[in-house]
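Following: one structure in structure tokens, then a few remarks.
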Amino acid sequence: MAHSTVRATLFPIDIPLRHTFATADGAVSSRSCVLVRIKGEAGEGWGEAAPYPGQDESIERLLDAAREGTATTTLGAAIDEALSDLGARTRAEPLLTAGAPTLSMCVAVGIGRASETIDSLVEQGIARFKIKVAPGAIEHLLAVRHRHPGIVIGIDGNGSFGDLDRYDLGILHDVGLAFAEELFAEWVTGGAEMFTEMTGVPIFADESVRSTDDASRMLALPAVAGITVKPGRLGWRGALAVRDLANASGKLWRASGLLETAVGRAFTDHLAADESAFLSDVAPASFFLESAVAGESWGNGEVVVPTGLGLGVAPDAEAMERYLTSEPLDVDVVVSGSEDRDPD
């Protein structure tokens with residue numbers, strides 16, 4: 001694969017969350033991200049590196065690698081996003097040429113505040129949720145289902161379960177789940193097969209997929225019903241490639257993000273607008289973050305997919321500056337395949 005050097009400016013930011021967000025990997029109260037800008041004749045392209053604590057590389061490792069001219073996984077994905085945005089703007093095209101203009105929200109809900117969070121969101125017309133779970137922390141699902149019998153519920157274990165005993169399976173069966181995401185630490189122990197056999201709930205691979213090779217390997221497993229596709233880890237081209245692999249295999253895929261600003265969220269929204277997507281994680285960045293940093297539009301339980309050339313959004317300079325943790329960093333980074341950024 002061809003490699004080239006890309007000149008980019010990195011903007012390290014840290015934004016407080018409106019509420020602590022807890023998963024099986026721990027709780028976070030702010031999000032450290034790096035917004036990536038690449039300039040060209042048509043203007044600027046933007047991407048976002050948002051490594052999630054406990055799942056991805058640290059921000060410090062990302063910035064050290066960038067100074068050395070190399071890209072970590074999420075920085076490489078963000079550079080691909082920015083180049084794809086810039087490429088589409090250069091061609092005077094949107095990032096994708098077809099897709100739904102609005103999307104029904106599916107909001108991720110952390111461990112510990114599920115009932116009160118969902119109560120509030122249901123009042124706003126939202127009826128789809130992905131609820132975080134962990135060993136010893138699944139009983140809250142029954143309370144949510146009892147209070148809201150008509151909502152759609154999926155769960156995400158972030159790879160925290162070694163196996164599920166029958167008591168756990170009984171709870172999950174009674175909840176009536178639409179999907180389960182990355183429940184198990186290992187996919188080869190038989191837990192996923194047992195779970196699907198006893199509950200009939202489709203299981204999606206998430207953290208296990210960080211490349212197209214990973215996606216091909218996971219799609220070949222009988223227990224995997226589909227892939228959660230994250231532009232923040234795969235880049236824009238990688239996300240489209242994994243989408244195509246899932247479609248070709250006859251399995252499902254769903255779009256999701258990494259608790260990003262409205263820049264990263266916009267890539268997820270564009271991907272989720274594809275008609276073949278299944279129950280994607282779609283919600284405004286400002287539901288979680290003190291500031292979305294870029295513009296976004298929503299209402300009546302729906303998110304409006306950005307329009308215009310390229311990604312359709314860019315950071316607000318004043319908002320971005322407010323959350324900078326250090327001076328912007330100009331770097332020359334070696335990346336693969338940067339010369340070809342097709343929109344779809």
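The values are calculated or read from the model by the stated rules, or taken from the named source; none is laboratory data. Here the structure is a predicted model, which means the values were calculated and not measured. As a convention, Cβ positions derive from the backbone with ideal geometry for all residues, glycine included, and neighbour counts pool all protein chains shown. These area figures cover heavy atoms from the full protein model, side chains too; ligands, DNA and RNA do not enter into them. Shrake-Rupley method; radii C 1.70, N 1.55, O 1.52, S 1.80 Å.
For the chain, what % of the accessible area comes from carbon and sulfur atoms, probe 1.4 Å? Carbon and sulfur atoms account for 49 percent of the accessible area of the chain. Taking all protein chains together, W187, W298, W236 sort by accessible area into W298, W187, W236, largest first [probe 1.4 Å]. Note on K130: lysines with a C-alpha under 29 Å away, same-chain residues under 8 apart excluded, are K230, K251.
Largest GNM mean-square fluctuation across G299, G310, G136, computed for the chain with C-alpha springs under 10 Å, falls on G136. In the full protein context, the chain carries 40 Å² of accessible surface per residue, based on a 1.4 Å probe and ignoring ligands, DNA and RNA. For segment 178-219, relative contact order (Cα pairs under 8 Å, six or more residues apart, normalised by length) works out to 42 percent. Annotation: E327 carries an accessible surface of approximately 150 Å², with a 1.4 Å probe and no ligand, DNA or RNA atoms counted. Only protein heavy atoms count here; on that basis, with a 1.4 Å probe, T228 has an accessible area of about 0 Å². Less than 5 angstrom separates the built amide H of V6 from those of V333, V334, V335, all sequence-distant by 5 or more or on a different chain. Summary value for segment 173-312: 16 percent relative contact order, contacts being C-alpha pairs under 8 angstrom separated by 6+ residues.
The phi-based Karplus calculation (6.51 cos²θ - 1.76 cosθ + 1.60; θ = phi - 60°) puts the 3J(HN,Hα) values of segment 224-229 at 8, 7, x, 10, 8, 9 Hz, whole numbers, x for Gly and Pro.
Ordered by 1.4 Å accessible area with all protein chains kept, R217, R322 run largest first as R322, R217. Could you estimate the translational diffusion coefficient of segment 73-163 from the Stokes-Einstein equation, with Rh from the Kirkwood formula over C-alpha pairs, at 25 °C and 0.890 mPa s, in whole µm²/s? The diffusion coefficient I find is 153 µm²/s.
For V333, neighbours were defined as the other residues whose beta-carbon sits under 10 Å from its Cβ, and their charges (Lys and Arg +1, Asp and Glu -1) total 0.
Computed from phi, the 3J(HN,Hα) profile of segment 6-11 under the Karplus parametrisation 6.51, -1.76, 1.60 (θ = phi - 60°) reads 10, 8, 9, 10, 9, 10 Hz, with x in place of Gly and Pro. In sequence order, segment 133-140 has phi-based couplings of 9, 7, x, x, 9, 10, 4, 4 Hz under the Karplus curve 6.51 cos²θ - 1.76 cosθ + 1.60, θ = phi - 60°, and Gly or Pro positions carry x.
For segment 149-295, a crude dipole built from +1 on the beta carbon of Lys and Arg and -1 on the beta carbon of Asp and Glu, taken about the Cα centre, is about 460 debye to the nearest 20.
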